[in-house]
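Structure first, then comments.
The values are calculated or read from the model by the stated rules, or taken from the named source; none is laboratory data. Bear in mind the structure is a predicted one, so any value in this text is a computation, not a measurement. Using ideal geometry, Cβ is built from the backbone for each residue, glycine included, and neighbour counts are taken over all protein chains shown.
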Amino acid sequence: MNYEEYVAYEPVLSRRVVAAVLDYILYFTLVLGYIYFFGKRNDQGLMEVNGFRHVFMLFLIWVVYFPVVEGTFGYTAFKGILDLKVVQERRSDFGFAVSFKRHMVDFIDFFLFGVVAIIMVKVSSEHKRLGDRIAHSHVVMDKEQP
């Protein structure tokens, strides 16, 4: 389906918020699972991981869940469940690169529990958060769903 056919410039804000929260809950659950299985107990009895190898693995979990899955399918687990899809403005863009750019600024978009992203989606005419502006993408309702 062509980009223009998808984009209706509807904010679908509540679905986007729910999907983002649930996606990050799933991500942090994966991180906690990694720490539980590969970590060591510290003096306080808490599990911890240290070293570049673990930082790399935690980053790899993020890359696989967000850019790889979203770049391949057009949505993450909870975007798919909520019938949301990421569409690219430029056909020449590679899905992984678009998704990587979108999520590299999540720390800004989700600052203060997502206030920055919510304000940007509400006030911009295209209903884009910062990540979507940088990546030239839109999050829309998936019209291919029955």
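Below are the figures for this structure:
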| read-out | value |
| --- | --- |
| In region 49-92, the residues that are among the hydroxyl-bearing types (Ser, Thr, Tyr), at pLDDT 90 or above and more than 24 Å from Ile35 (Cβ to Cβ) | Thr72, Tyr75 |
| Scan of region 93-146 for residues that are of a type in the set (Ser, Thr, Tyr), at pLDDT below 85 and surrounded by 13 or more Cβ atoms within 10 Å (Cβ to Cβ), ordered by number | Ser124 |
| Search result, residues across region 121-131 that are among the charged types (D, E, K, R) and assigned to a loop (DSSP other than H, G, I, E, B) | Glu126, Lys128, Arg129 |
| Residue in region 20-42 that is basic (Lys, Arg) and more than 23 Å from Ser137 (Cα to Cα) present | yes |
| Val68 surrounded by 20 or more Cβ atoms within 10 Å (Cβ to Cβ), hydrophobic (A, V, I, L, M, F, W, C) and within 12 Å of the chain's Cα centre (by Cα) | no |
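So that you can scan it fast, the table gives a plain yes or no per residue for (1) touching a residue at least 40 places away in the same chain (Cβ under 8 Å); (2) in a helix (DSSP H, G or I); (3) under 22 Å from Ala77 (Cβ atoms); (4) β-branched (Val, Ile, Thr):
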position	(1), (2), (3), (4)
Val116	no, yes, no, yes
Ile119	no, yes, no, yes
Arg133	no, yes, no, no
Val140	yes, no, yes, yes
